[in-house]
1. With the condition kept exactly as written, say whether any residue in segment 70-92 is assigned to a loop (DSSP other than H, G, I, E, B) and at pLDDT 95 or above.
2. Taking segment 73-84, which residues are hydrophobic (A, V, I, L, M, F, W, C) and under 18 Å from Pro28 (Cα atoms)?
3. Those residues that are open to solvent by less than 30 Å² (accessible area, probe 1.4 Å) and of a type outside the set (Val, Ile, Thr), I need them from segment 72-90; list them, please.
4. For residues that are over 15 Å from the mean Cα position of the chain (by Cα) and small (Gly, Ala, Ser), tally how many sit in segment 88-103.
5. Considering only segment 123-133, state which residues are open to solvent by less than 70 Å² (accessible area, probe 1.4 Å) and of a type in the set (A, V, I, L, M, F, W, C).
6. Where the second residue is among the aliphatic types (A, V, I, L, M) and surrounded by 13 or more Cβ atoms within 10 Å (Cβ to Cβ) and the first is in contact (Cβ under 8 Å) with a residue 12 or more places away in the chain and in a loop (DSSP other than H, G, I, E, B) and lies in segment 94-112, which pairs have Cβ atoms under 7 Å and are six or more apart or on separate chains?
7. Out of the residues in segment 1-56 that are assigned to a helix (DSSP H, G or I) and touching a Leu at 6+ places or on another chain (Cβ under 7 Å), which is modelled with the highest pLDDT?
8. Return the residues of segment 91-122 that are hydrophobic (A, V, I, L, M, F, W, C) and buried (at least 19 other Cβ atoms within 10 Å of the Cβ); say none if nothing qualifies.
Amino acid sequence: MLRSFACAVALLCFATPALVSQQAQQTPPDSALIAAGKLLFEGRGLCMGCHGTAGEGMLGPTTQLNAGKEKWLHHDGSLEAIIKMISTGIDADHSVSGQVMPARGGSRLTDAQIRAVAAYVQVLHAQAPKGTD
């Protein structure tokens, strides 16, 4: 039993980045990742300036994230699509609304931090806007 545990620890410590990345893509976000994303969304990620504290959209309806059952504006809403959107941003030529978003939201988030923010954004999107219950 101890040997099995040691082997598992060794595999985790020496797993290739590609393997870890592939597993992270397949694993649905957990509450710890979502909580970390919320902290980044509200702080270092600079997301609240445009999207508001609860995803209500500070620059108008096209920056609203708490859309309930509404469709996503620029992608399919998958975690990977949200990660790509945050990572690359969107310029005026590709924006459906004309509203731009700088790559990484204009912040210096790491790829892991972007994944956390994307997980939180999925949670925000599933929530109905306040006052529409």
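The values are calculated or read from the model by the stated rules, or taken from the named source; none is laboratory data. The model shown is predicted, which means the values in this text are computed figures rather than measured ones. Every residue, glycine among them, receives a Cβ derived from its backbone with ideal geometry; neighbour counts consider all protein chains shown. The accessibility values were calculated without ligands, DNA or RNA, using every heavy atom of the protein model including side chains. Shrake-Rupley method; radii C 1.70, N 1.55, O 1.52, S 1.80 Å.
1. yes
2. Within segment 73-84, Leu79, Ala81, Ile82, Ile83 meet the criteria.
3. Answer for segment 72-90, where residues must be open to solvent by less than 30 Å² (accessible area, probe 1.4 Å) and of a type outside the set (Val, Ile, Thr): Gly77, Leu79, Ala81, Gly89.
4. Final tally of qualifying residues: 4.
5. Scanning segment 123-133 gives Val123, Leu124, Ala128.
6. Val96/Leu73; Ser97/Leu73; Gln99/Leu59; Ser107/Leu46; Leu109/Leu40; Leu109/Val117
7. Leu40
8. Result: Met101, Leu109, Ile114, Ala116, Val117, Ala118, Ala119, Val121.
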